[in-house]
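For reference, the structure discussed in these notes is given below.
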Amino acid sequence: MNIELGQVSRWYGNVVAVNDVTMTVGPGVTGLLGPNGAGKSTLLHMMAGFLAPSTGTATLDGKKIWRNHQIYRSIGLVPEREAVYGFLTGWQFVLSSARLHRLPSPEDAAAKALAMVEMEDAKERRIETYSKGMRQRVKVAAALVHDPQVLLLDEPFNGMDPRQRLHLMDLVKELGAAGRTILFSSHILEEVERVAQQIEVLVAGRHAASGDFREIRRRMTDRPHLFHVRSSDDRRLAAALIADPSSGAVSVGEAGLEVQAVDFRRFTWLLPRVARDAGVSVWQVSPADEDLESVFSYLISGSTR
C-alpha cells in the first residue's frame, strides 16, 4: 500500500507545523528523520487520519484518509505521547484494541501481538508499573493487533534499553521485508540507518531531502563544516590554510581560528600536515556547527537551491 501526500500543509493559528510537503511512502521501511519540532508527529497524524490537512491531500492507495473510517482497518499508529491507561494490564490494553477492531478472535490476536514484542511475561501487570520501554512495546502490540498493512511509528525506540531496541528494530525490518508499508520517525540518523531503506528528511515543517541512508549521509558529510582551532601561532596557521581551496574562509580572533571547511575530507587530511610544515603546534580542533539543527538546516537550504 502507498501513502501519498500532495502539497500537504497544516497550521495551528499562525504557526505552520507542516509546509507544502509532497511525499510517497511505499512498501518497506521508511525513516522520517528530523530534529525535534520539525513537524514529524503532525505529518504522521495526518497520514493516520487523526488530523486533517489545512491544504493538500493525503491518500492511501488513492483513497482519501481524512474521515475515511475504513482506513483504520489498514493502518496502525504508535504515537509518541503516552496513549495508554495505567490502570489496565498490558493484556487488557491490547485486547481492548483487538475488540475495537471487531476481530473474529480478539484473544488470539492480542496474544500474538504481545508475543511479537516479547511482552508475554508482563502482560498481567498494570501498565502504570511498566518502564518507558515496556510501555512503548505494549503500544506497538496494540497497533499490530489487527495485522495492519501500514504501520506508523512516532519515535518508537525512545526509552528502550539496548536489547529492547535491537529486538524492535529487527521486528520492524521483518515486517517491512514482508511487504508492509512502515514509516517511523526519529531525530537520530544512526537509528534510521540501521532500520530504514528509504529516508525522508523533515526540517521546520518542510521536506528537505529524500534518498537512501548513503545519500543522506553523504550530503551531511559533504556540507561545509565550521571548526574552531587553537594553536601556538594562529596567524601563521591561518595563512597556510587559506592557501588551500578546502578552506572557504578563515578568521583569526581572541579565541583562536575559525575555519570553514568546504571540503571536509581534504581539510581533515590537510590540517596536521600544514601545521607540521609551518612549525605550528595545534592544541585544539572542535566543530562549531555539529548540532542537529545546523546539519538539517544545511539539507533544507540545499533542497531550495
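So the values come out like this:
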{"read-out": "Search result, residues across the stretch 114-141 that are crowded, with 19+ Cβ neighbours inside 10 Å and touching a His at 6+ places or on another chain (Cβ under 9 Å)", "value": "V117, R137"}
{"read-out": "Subset of the stretch 216-236 (residues that are modelled with pLDDT of 70 or more and outside any strand (DSSP E or B))", "value": "S232, D233, D234, R235, R236"}
{"read-out": "Residue match in the stretch 151-162 (condition: more than 19 Å from V25 (Cβ to Cβ), at pLDDT below 95 and polar (S, T, N, Q))", "value": "yes"}
{"read-out": "Top-ranked residue in the stretch 1-48 [being without any contact (Cβ under 8 Å) to a residue 60 or more places away in the chain and farther than 23 Å from R81 by Cβ; ranked as surrounded by the most Cβ atoms within 10 Å (Cβ to Cβ)]", "value": "E4"}
{"read-out": "Residue check for L144: in contact with a Pro (Cβ under 9 Å, 6 or more places away or on another chain), surrounded by 14 or more Cβ atoms within 10 Å (Cβ to Cβ) and in the same structural domain as Q164 (by TED's automatic domain parsing)", "value": "no"}
{"read-out": "Count of residues meeting criterion [at pLDDT 75 or above, in a helix (DSSP H, G or I) and either of a type outside the set (D, E) or not assigned by TED's automatic domain parsing to the domain that holds A239 (or both)] in the stretch 265-302", "value": "13"}
{"read-out": "Sole residue being in a strand (DSSP E or B), buried (at least 16 other Cβ atoms within 10 Å of the Cβ) and aliphatic (A, V, I, L, M), chosen from A98, A58", "value": "A58"}
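The values are calculated or read from the model by the stated rules, or taken from the named source; none is laboratory data. Owing to the predicted nature of the structure, the values given are computational and were not obtained by experimental measurement. Note: ideal-geometry Cβ built from the backbone for every residue, glycine included; neighbour counts use all protein chains shown.
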